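The values are calculated or read from the model by the stated rules, or taken from the named source; none is laboratory data. The structure presented is a predicted model; accordingly, all values stated were derived computationally and were not measured. Note that we place each Cβ from the backbone using ideal geometry, even for glycine, and neighbour counts take in every protein chain shown. When the accessible area is computed, the model is the full protein with side chains, heavy atoms only, and any ligands, DNA or RNA have been set aside. Shrake-Rupley method; radii C 1.70, N 1.55, O 1.52, S 1.80 Å.
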Protein chains: 4
Amino acid sequence: MIVALKPDTADEKQNQLVDWLKGMGLGVHISKGEYQTVLGLIGDTGKVDMELIASLDIVESVSRVTETFKCCNRKFHPDDTVITVGDAKIGGGSFCLIAGPCSVETEEQIVAVAKAVKQSGANMLRGGAFKPRTSPYDFQGLKATGIELLKIARQETGLPIVTEIMSASDLELFADVDVLQVGARNMQNFDLLRELGHTDKPILLKRGLANTLKELLMSAEYIMASGNENVILCERGIRTYSDYLRNTLDLSAVPMLHELSHLPVIVDPSHATGIARMVPPMALAAVAAGADGLIVEVHNDPLHALCDGAQSLKPEEYDSLVRKINAVREAIK
Amino acid sequence: MIVALKPDTADEKQNQLVDWLKGMGLGVHISKGEYQTVLGLIGDTGKVDMELIASLDIVESVSRVTETFKCCNRKFHPDDTVITVGDAKIGGGSFCLIAGPCSVETEEQIVAVAKAVKQSGANMLRGGAFKPRTSPYDFQGLKATGIELLKIARQETGLPIVTEIMSASDLELFADVDVLQVGARNMQNFDLLRELGHTDKPILLKRGLANTLKELLMSAEYIMASGNENVILCERGIRTYSDYLRNTLDLSAVPMLHELSHLPVIVDPSHATGIARMVPPMALAAVAAGADGLIVEVHNDPLHALCDGAQSLKPEEYDSLVRKINAVREAIK
Amino acid sequence: MIVALKPDTADEKQNQLVDWLKGMGLGVHISKGEYQTVLGLIGDTGKVDMELIASLDIVESVSRVTETFKCCNRKFHPDDTVITVGDAKIGGGSFCLIAGPCSVETEEQIVAVAKAVKQSGANMLRGGAFKPRTSPYDFQGLKATGIELLKIARQETGLPIVTEIMSASDLELFADVDVLQVGARNMQNFDLLRELGHTDKPILLKRGLANTLKELLMSAEYIMASGNENVILCERGIRTYSDYLRNTLDLSAVPMLHELSHLPVIVDPSHATGIARMVPPMALAAVAAGADGLIVEVHNDPLHALCDGAQSLKPEEYDSLVRKINAVREAIK
Amino acid sequence: MIVALKPDTADEKQNQLVDWLKGMGLGVHISKGEYQTVLGLIGDTGKVDMELIASLDIVESVSRVTETFKCCNRKFHPDDTVITVGDAKIGGGSFCLIAGPCSVETEEQIVAVAKAVKQSGANMLRGGAFKPRTSPYDFQGLKATGIELLKIARQETGLPIVTEIMSASDLELFADVDVLQVGARNMQNFDLLRELGHTDKPILLKRGLANTLKELLMSAEYIMASGNENVILCERGIRTYSDYLRNTLDLSAVPMLHELSHLPVIVDPSHATGIARMVPPMALAAVAAGADGLIVEVHNDPLHALCDGAQSLKPEEYDSLVRKINAVREAIK
């Protein structure tokens, strides 16, 4: 960590700071500049509170030069992590297609969608059983029943299932689920992350509403530091002042996360845009940006189909999207 | 809910939509305009998915004209909610001073700070026992021990205690805590909110990192709809592109929340700014904006005091701040 | 425009509002709902101040159902606008490659880069002569000399030239420039836009630092309403809380702008990311998202090349990028 | 400037960088750490492109330890700048009340408002003659005529006048205006700033829609570096994801700007909130935060008064606000 002191800092104040830092078990490398003095902190600076030091009245700036994330850091693990779920692989050059309805509604619905997306080439089935809703008055999902229906769809198609878990107390219900999803609103629910770290299931970790890439990686670190290294990062759009789209899909997160971490990175263009007809172009853009997979909402609900609505694609739309996805993958090879 | 259709919408498509809406048990009031047709939806529109309708290809815009929050809505409850905790009152014209260290560290520390802030006029003691940290490698708090130390400080001073709960599974440990705080990162941890709604304890609900006022109110609604009406809203700064401060304290949230809701609204200037010397001016500004209280970090840690640092005020600084707070309260009466 | 009144609005207040609106020459269509009354405003609502009406104490919500932009609106002009510059075409299915250095430095530099990018397939040459810099102490560009050097490069290669204009008072100097660029910081410099509307030159209009798509279109509207319909929209990244990249490239702007407007939309991945190695993936993503072109920084400065730095690509990097761009274009056809 | 190199950087690469930096006339202080090497750059680092260096593949982080703003920097000018306009003083402990209508409409209107606000204690009259509007179809102001009407109001009341200038080419028209306002959308219209730096008139510089404090100070620097030191900074709300208010008033900018700079800082609560009834609490909060003045919209337009609307206060509302402002000023002394 680099601590630049203000010009004309009294030696006494500087010494107090240096002693205090050494008292924390750090090595302090002092370099006197023409304009000011800079301290280089050596040792385990992970436990140093940057903001505290930055706020000291003799300090001009503080910068951490060593990342605080370790398990997910590519520096310490150069090779891509590849996560295997049934026949599907995520990361390391393979591409994973996850698709399914926002919510599991009925056996007919989930099985029909599962069969359709499998035929189009999907590798996994997604479907919400526990739904995080902004309003307590909105549909909260079929819960346990929804998970049972997902299992039936898996039996019918062989597709591994991905569904969201909102509380560690529900873990038992998810015992037979293949991939556990942590939603954007729980990205910093640290107790949940820690508990998931004690399982051996792949965790699909969605980026929070307005979280930085570093915060996303630190949340992955919570899971990995607890013993579970099977984390899949997911960019799903961030909150800005967007006027025509629900969120702003931050595709630059894909190459940057690949540079910072060895974990696979997938993209959710459905929640990011909130508009079905915006999903195909953004899905293709995600592929071109180097994503390791896509999680896309697909359903066959006639009521929606009736008006060509919502953020979900119809099976035939998904089918033609997959064909284009494969073409773009070829193109960027 | 008002649904404006695109010009030249085919009657057949319009009728399909109207039938579908009626199928959801809504009354549909059709008004044909010179330029386009507008549908007024009547009945329980709370369960209607605005985004789904907005995404229909025949729909130009949708606007919800009735708030979806009910329990915390001032329209249905004109009088201020006043929450009583021991001798302290929050809301309804009274002013509540909550103060204490960021983390509970030792009995000496928490008791000393408690005595100091009480002498300055504080009504409640705050102190973190369970700490949500971005990094799994940072200090996570004394947990159960921290709560015990808070109780000792309460015994010594009579000050009710406020501390953060991160998981419903910890509820037992908080049985004897006076006010449970939900941190910014858990504002949309809906399972936690629902569980807290089943208790009868006052809940101090902090606004999330980048959440809107409506989302804050909907989270309060989760607690209230589950049966607990004792919710205190807290503005603690939102995430923007701020360069010199940690967050951007949104003080306009105070009068706006008062207009929208009958719940008390307090402000946390310490986390919002992250810089001790910025706390007094923002605390006074919060009072002038009409806040019902302030939660401020105060500690007597010599190491920090040594360099006049961090976001915590020293007891003497807090003491002089309280005097100014009272003066400003007088001024705006 | 739809104006929803609050429940229990006094008839007298409602009538005052209706009379006032009629006084503005608007037709007012009143529909009494079970819960509240909604006014539908008919006629030229473009001149109505939505915020004023929304702020009236009897009004609950206001929504504009007709777009305020006309010239650039696809509704009134379904076919893509195609802009021709020399041999280059922008929009309508063709793809335009604009490349060159951030700043024009010397004749050798600009001519060398021009020849290199032309060989790679670029259709136009970019280069900054007038540089908007956050600091008055930073290099402000070669100004008039820079434009002369661009003309020499054009002579040598036949590539049309694109360069930024910061003030209408410089227009004469740009008389012989092919495309005038309006930078992000001037997107709402309305006097400049109006003046550019009086020229017949193609205008490359960059989206502002934190502007919405509607604001971008309204700025295009300033140029077009003044008589110049040759506007090229450019997404160049918006300001968020990004931690590892300079801006957040909003690629969803591409398909959405294409839906809203008939104007061509290009993307600048260089300024958006600020990091050369992030440019290729984001450039390819922009192509996959349906962009009509790319404006990319390329230079051959050995000092930069030395350390493989900055946001500019080296000619050989640009050359391999263009090959991939063509492959992706094929793939999404 | 502090440049931290990545661990295991090849000596050859490091030497190339050091030579290049020295070639720029900088002194380079190398300190080898246990984990990595850190370079301290000494000399005029103002002209060094931080982003370029940060993007070099051997560089881990760069931090500038010396501010790039000089003229407005409190470090080099500890005393508050006090700007005198007629009988009014801004900065240095005095408080300046600027009030008036958003737009100048008629002589009757502007004179009536001027008389009213003067009676309430206002020190200056504001009124828009040239209006920056998002839409080219909205009212653009009375322009030259508006300025003439302001002069009449000044003659009638003795109040100095403040009005917005949008283009340097209009400067002659503003020859007799007391304070020139630069609007948020022109905060980085560097040519305009430079031209205003050649005048001797006080400049009221509004913070841009989404600009950082540093960018605001760098824009002030443009004016000051050109020779005009009479700059008044103005916080007017920034763009976030606010749902019930137009912008988010960033009051923490007031104490922070005071710490960074010697220039006076005023606040515009009218544009920040866009809602008249939110103006008084935010105005009082601004005073409590230490603002040097307030610029508030006041008009007597019956049409607005009719419905108690818009963001403008009625004269009687402004009068009672001023009384409270004075009380809060007393309280924080």
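Under 7 Å between Cβ atoms, at least 6 apart or on separate chains: pull out the pairs that start in region A:116-135 with a residue that is acidic (Asp, Glu) and end on any residue that is open to solvent by less than 30 Å² (accessible area, probe 1.4 Å). That search, which allows pairs on different chains as well, returns nothing. In the condition set (1) in contact (Cβ under 8 Å) with a residue 40 or more places away in the chain; (2) away from every other protein chain (no Cβ under 14 Å), B:Lys89 is compliant with all but (1). The residue that is farthest from the other protein chains (Cβ to nearest Cβ), among those in region A:211-234 that are of a type in the set (D, E, K, R) and touching a residue at least 40 places away in the same chain (Cβ under 8 Å), is A:Glu229. Screening region C:281-303 for residues that are facing another protein chain (nearest Cβ under 9 Å) and surrounded by fewer than 24 Cβ atoms within 10 Å (Cβ to Cβ) and picking the one that is farthest from C:Val182 (Cα to Cα) gives C:Leu303. The test for being at pLDDT below 95 and farther than 30 Å from D:Asn247 by Cα holds for A:Arg277. Does region C:262-274 include one or more residues that are closer than 16 Å to A:Ala253 by Cβ, more than 13 Å from chain D (Cβ to nearest Cβ) and at pLDDT 95 or above? Yes; the residues of region C:262-274 include at least one that is closer than 16 Å to A:Ala253 by Cβ, more than 13 Å from chain D (Cβ to nearest Cβ) and at pLDDT 95 or above.
Which of the numbered conditions does B:Leu233 fail, given that it passes all the others? Conditions: (1) under 23 Å from A:Asp49 (Cβ atoms); (2) modelled with pLDDT of 95 or more; (3) touching a strand residue (DSSP E or B) at 6+ places or on another chain (Cβ under 9 Å). Every listed condition holds for B:Leu233 apart from (1). Please work out if D:Pro136 is at pLDDT below 95 and over 22 Å from the mean Cα position of the chain (by Cα). It is true that D:Pro136 is at pLDDT below 95 and over 22 Å from the mean Cα position of the chain (by Cα). For the residues C:Gly93, C:Gly128, the requirement of being on the phi > 0 side of the Ramachandran plot and in the same structural domain as C:Val265 (by TED's automatic domain parsing) singles out C:Gly93. Which residue pairs have Cβ atoms under 7 Å apart, sit 6 or more places apart or on different chains, and have a first residue in region B:154-182 that is among the basic types (Lys, Arg) and a second that is crowded, with 24+ Cβ neighbours inside 10 Å and assigned to a strand (DSSP E or B)? Listed by first residue and then by second, the contacts come to B:Arg154/B:Leu125; B:Arg154/B:Ile161. Figure legend. Inter-residue proximity from region C:9-20: first residues aromatic (Phe, Trp, Tyr), second residues open to solvent by 50 Å² or more (accessible area, probe 1.4 Å), beta-carbon distance below 8 Å, spacing 6+ or different chains. Indicated pairs: C:Trp20/D:Leu303; C:Trp20/D:Leu306. Being closer than 23 Å to D:Ala276 by Cβ, at pLDDT 80 or above and in contact with a Ser or Thr (Cβ under 9 Å, 6 or more places away or on another chain) is not true of C:Leu21. When residues in region A:96-121 are screened for being over 20 Å from the mean Cα position of the chain (by Cα) and farther than 25 Å from B:Tyr222 by Cβ, 16 of them pass.
Among the residues of region D:315-326, are any assigned to a helix (DSSP H, G or I), among the hydrophobic types (A, V, I, L, M, F, W, C), open to solvent by less than 40 Å² (accessible area, probe 1.4 Å) and in contact with a Ser or Thr (Cβ under 9 Å, 6 or more places away or on another chain)? So far as region D:315-326 goes, yes, one or more of its residues are assigned to a helix (DSSP H, G or I), among the hydrophobic types (A, V, I, L, M, F, W, C), open to solvent by less than 40 Å² (accessible area, probe 1.4 Å) and in contact with a Ser or Thr (Cβ under 9 Å, 6 or more places away or on another chain).
When C:Pro132, C:Pro160 are screened for being within 13 Å of chain D (Cβ to nearest Cβ) and either touching a Ser or Thr at 6+ places or on another chain (Cβ under 8 Å) or not acidic (Asp, Glu) (or both), only C:Pro132 passes.
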